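The values are calculated or read from the model by the stated rules, or taken from the named source; none is laboratory data. Nothing here was measured: the structure is a model prediction, and the numbers come from that model. So basically every Cβ, Gly included, is an ideal-geometry build from the backbone, and we count neighbours across all protein chains shown. These accessible areas exclude ligands, DNA and RNA; they are computed on the full protein's heavy atoms, side chains included. Shrake-Rupley method; radii C 1.70, N 1.55, O 1.52, S 1.80 Å.
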Amino acid sequence: MTQNIYDNEEFFAGYSRLRRSVEGLEGAPEWPALQAMLPDLSGRGVLDLGCGFGWFCRWARERGATYVEGIDVSEKMLARARAATADPSIVYSRADMERLALPVASFDLVYSSLALHYIVDLEWLLSEARQSLVPGGSLVFSVEHPMLTAPALQGWSVDGAGRKSWPINSYLDEGPRVTDWLAKGVIKQHRTMATYINMLVRLGFALTHVTEWGPSPEQISAQPDLAPDRQRPPFLLVAARR
């Protein structure tokens, strides 16, 4: 089952104070770049995987989507989303994305923001997402950049016999990473750029855009604390089409 860290009291309290949680999409610095990758939503059906507080679901309806479904594993996140939504065309469902069965050819857009790096069997989930899209439908998602999910290399380590080796958690060693972010023991799945791209190609997606997001000079002027993100991009943004 997907780790449900968002229902952890300490984590949820910290997450609720983040700028993106308070201000919504406009509080997420990568949002302008992600928004530019989205198709026209007028008259479309939309699925949001890991919908959180429902910010994108409501935005999609404002842009003309006829039906929007938001899925999340967190009861706390969904409760906040439902409390902020008064629209019968938006449906929120609690579901484990590790075991998700999606209806065939039902959506024009499958969207996900900073949720897929928690999924162990991502290829299975993306396969489900693809078959849920109508022909020509779009997949747009963001994840933490692999440079961020992989701990920085510290150089060679030396064992008792004087043998040198790289640290186990190097960039090319994929798998779970346990971090302390807002709470202890948060598990994220590290994958390389090549793994993300080749997985989509293998599933039959046609890539349309890939962005290694970093803040613009204008964003840094407005928010100087974003400056370090020019050195190591925090987010990977991907758009593809069925």
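For the chain, the fraction of 1.4 Å probe accessible surface lying on carbon and sulfur atoms is 53 percent. Each Lys or Arg adds one and each Asp or Glu takes one away; over the other residues whose Cβ falls under 14 Å from the Cβ of LEU133, this sums to 0.
Name the residue, out of PRO32, PRO224, PRO135, whose mean-square fluctuation peaks in a Gaussian network model built on the chain with Cα pairs under 10 Å. The residue with the greatest mean-square fluctuation here is PRO224.
With a ≥ b ≥ c the root eigenvalues of the C-alpha gyration tensor of the range 58-141, is it rounded (a/c under 1.5), prolate (a/b larger than b/c) or oblate? Oblate shape, in that a/c is at least 1.5 and b/c is the bigger or equal ratio.
Within the listed set HIS190, HIS117, HIS209, the Gaussian network model of the chain (springs between alpha-carbon atoms below 10 Å) gives the highest mean-square fluctuation for HIS209.
A dipole drawn for the chain from +1 and -1 charges on Cβ atoms has a positive end, and of LEU114, ALA222, ALA36 the residue lying farthest that way is ALA36.
Taken along the Cα-to-beta-carbon direction at a fixed 7 Å, the label points for VAL104 and MET147 span 4.3 nm.
GNM on the chain, alpha-carbon springs under 10 angstrom: the most fluctuating residue among ASP180, ASP40, ASP108 is ASP180. Rounded to whole numbers, the Karplus 3J(HN,Hα) couplings from phi for the range 29-34 are x, 7, 4, x, 5, 5 Hz, using 6.51 cos²θ - 1.76 cosθ + 1.60 with θ = phi - 60°, and x at Gly and Pro.
Computed from phi, the 3J(HN,Hα) profile of the range 209-223 under the Karplus parametrisation 6.51, -1.76, 1.60 (θ = phi - 60°) reads 6, 9, 10, 8, 6, x, x, 7, x, 5, 5, 5, 4, 7, 9 Hz, with x in place of Gly and Pro. When the alpha carbon coordinates of the chain are projected onto the principal axes, the ranges are 66, 39, 37 Å, largest first. Fully extending the segment from ASP7 to SER127 would add 40.5 nm, taking 0.36 nm per residue of separation and subtracting the current Cα-Cα distance.
Considering helices alone, the calculated mean residue ellipticity of the chain at 222 nm is -7000 deg cm²/dmol, with DSSP H runs of length four and up weighted by -39500 (n - 2.57) and normalised per residue. Seen from every direction in turn and averaged, the convex hull around the alpha carbons of the range 187-232 projects onto 4.9 nm².
On the basis of the beta-carbon distance and an R0 of 22 Å, ARG230 and ALA194 show a calculated FRET efficiency of 0.40. Of LEU18, LEU102, the order by accessible heavy-atom surface (1.4 Å probe, DNA, RNA and ligands excluded), from most exposed downward, is LEU18, LEU102. Between TYR92 and GLY70, the built amide H atoms are under 5 Å apart, and every one of these is 5 or more places off in sequence or on another chain.
Note on the chain: dipole from Cβ charges, positive end direction compared against PRO103, GLY137, SER89; the farthest Cα belongs to GLY137.
For PHE235, the amide hydrogen comes within under 5 Å of the amide hydrogens of HIS145, TRP213, counting only partners 5 or more places away or on other chains and with H modelled in the peptide plane. If only the Cβ of Lys and Arg carry +1 and only the Cβ of Asp and Glu carry -1, the dipole of the chain around its Cα centre is close to 240 debye. What is the range 1-109 by shape, rounded, prolate or oblate, if you read a ≥ b ≥ c off the alpha carbon gyration tensor as root eigenvalues and call it rounded for a/c under 1.5, prolate for a/b larger than b/c, and oblate otherwise? Taking the square roots of the gyration eigenvalues as a ≥ b ≥ c, the range 1-109 is oblate.
Placing +1 on the Cβ of every Lys and Arg and -1 on the Cβ of every Asp and Glu, with no other charges, gives the range 1-104 a dipole of roughly 200 debye about its Cα centre.
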